[in-house]
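Reading through the structure tokens given below for one structure.
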Amino acid sequence: MNICFIIDKWESLNPAEDSSLRLIHEAVVRGHNVGITYPNNLTIRHGIAYGFIHKIIKQDKYSASFPIFHSKLKFSEQMLPLAGFDAIFLRQDPPLDPIMLNFLDSVKDDTFIVNDIDGLRKANNKLYPASFHDPKGDIIPITHVSKSKDFLKKVIEESEHDKMILKPLDGFGGSGVIVIETRAKQNINSLLDFYISGKNTESNYVILQEFVEGAEKGDTRVLMLNGEAIGAYKRVPGDDDMRSNMKVGASAHKHVMTKKEKLICKKVGPKLVADGLYFVGLDIISGKLIEINVVSPGGITRINKFNRVKIQKQVIDFIENVIHTKELAINKKRAFKRLIEDA
Ligand SMILES: Nc1ncnc2c1ncn2[C@@H]1O[C@H](COP(=O)(O)OP(=O)(O)O)[C@@H](O)[C@H]1O
Ligand SMILES: [Mg+2]
């Protein structure tokens, strides 16, 4: 099989922690033809989408040590047609590059893209969880989204709670997520101005959300593959923060999923698959789904360490199965066509 990984700069990957490196390692060890590339390496020539690909040069054996694997791997650089890959795995850290998706539009019927690019377009902001029907707020925190300062002020004024969460619609890595005291009226005008006006000429949507109690004890990151949970771990915020993002200093811990967390996975799994979101990370606090991370979710290394597993094997198994099923269908069609032609 030919697999392409669109990643962050190879040299910038941290071999001790990087999830993409585990996936690449597994694909290479299984003998697949693996190429890596970067979003700005995509090219169109005579209407055909190519990538400047660093194709991994095959070796008889690959080190099981990730730092050695990372530093010793050799590549040959070539301009190759993207449609020649059976699968393309998008593994660049957010924010998602929308132009990259346009490049991939032309090959989406020729290659299996994880995650599906239309699914990514649909789910690449914090509005996506709202598309799960949950009128009573059983699994999704009560959420308000608007650009209207007056509306948001009214929501805050009418809130029965002391605190709420304020965050940008398209943030990531914990950026801009703050707790507001609903009674601290003198700050709210200025905060809303700042979040709505931002740095751009266009105004921004802002999320006001129920503060989910228990956030200080951490959130659960669940990795979902093809609609099912394949592993989870806990992220606990540092002493001087309420955000559970690893990027802002949270610590990782072993976690056994609760009944409620499993229920959430069961509820969201089928829609994730229907939207082509095959490999995603859920963030859950106290049984409420806070976020669905569809762009290169991390956590493989930590889940592996805490549970003594290698969940990258399941991910590559899944890709192999999809490609195998597609090939069977193509071969069957070819054989049937031949029967008719020769009849
Ligand atoms: N409604 C909420 N209640 C409590 N804590 C929250 C809430 N929303 C976000 N947080 C905290 O902030 C972190 C980052 O928020 P999240 O919505 O996941 O955005 P990001 O994309 O930046 O990770 C969460 O992991 C959680 O610790
Ligand atoms: Mg998050």
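Bear in mind these aren't lab numbers, they're just calculated from the coordinates by the rules spelled out. This one's a predicted model, so the numbers in the text were calculated from it and none came from an experiment. Neighbour counts are summed over all protein chains in view; Cβ atoms, including those assigned to glycine, are modelled from backbone coordinates with ideal geometry.
Legend: ranking of residues Arg221, Arg243, Arg121 from fewest to most surrounding C-beta atoms inside 10 Å; resulting order Arg121, Arg243, Arg221. Since only Gln59, Cys4, Val114 are under comparison, the one whose Cα sits farthest along the positive direction of the charge dipole of the range 2-114, derived from C-beta charges on Lys, Arg, Asp and Glu, is Gln59. Taking only Cα atoms and a 10 Å spring cutoff, compute GNM fluctuations for the chain and point out the largest among Lys267, Lys326, Lys288. Its mean-square fluctuation being the largest, the pick is Lys326.
Across every direction, the projection of the convex hull enclosing the Cα atoms of the range 1-135 has a mean area of 9.4 nm².
Between 0 and 90 degrees, the angle of helix 19-29 with respect to the longest Cα principal axis of the chain falls at about 10 degrees. Arranged from fewest to most other beta-carbon atoms within 10 Å of their beta carbon, Val155, Val34, Val295, Val315 become Val155, Val295, Val315, Val34.
Considering only Ser12, Ser175, Ser203, the mean-square fluctuation computed in a Gaussian network model of the chain, springs between alpha carbons under 10 angstrom, is largest for Ser12. Segment His144..Glu11, full-extension length gain: 43.8 nm, with 0.36 nm per residue of separation and the alpha-carbon distance subtracted. Mind running the shape call on the range 215-310? Use the C-alpha gyration tensor, a ≥ b ≥ c as the square roots of the eigenvalues: rounded below 1.5 for a/c, prolate if a/b tops b/c, oblate otherwise. Since a/c reaches 1.5 and a/b is larger than b/c, the shape of the range 215-310 is classed as prolate. The Cα atoms of the range 78-228 give a gyration tensor whose axes a ≥ b ≥ c have a/c of 1.5 or more with a/b greater than b/c, which makes the shape prolate. Which pairs break 20 Å Cα to Cα here: Lys217/Lys254; Lys9/Lys313; Lys167/Lys288; Lys259/Lys310? Exceeds cut-off: Lys9/Lys313; Lys259/Lys310. Here the chain is treated with +1 on each Lys and Arg Cβ and -1 on each Asp and Glu Cβ, and its dipole about the Cα centre works out to around 900 debye. Rounded to the nearest 10 degrees, the inclination of helix 312-342 to the longest alpha-carbon principal axis of the chain is 50 degrees.
Ranked by how many other Cβ atoms sit within 10 Å of their own Cβ, fewest first, the residues Leu263, Leu272, Leu192 fall in the order Leu263, Leu192, Leu272.
The coefficient of translational diffusion for the chain, derived via Stokes-Einstein from the alpha carbon Kirkwood radius under 25 °C and 0.890 mPa s, stands at 112 µm²/s.
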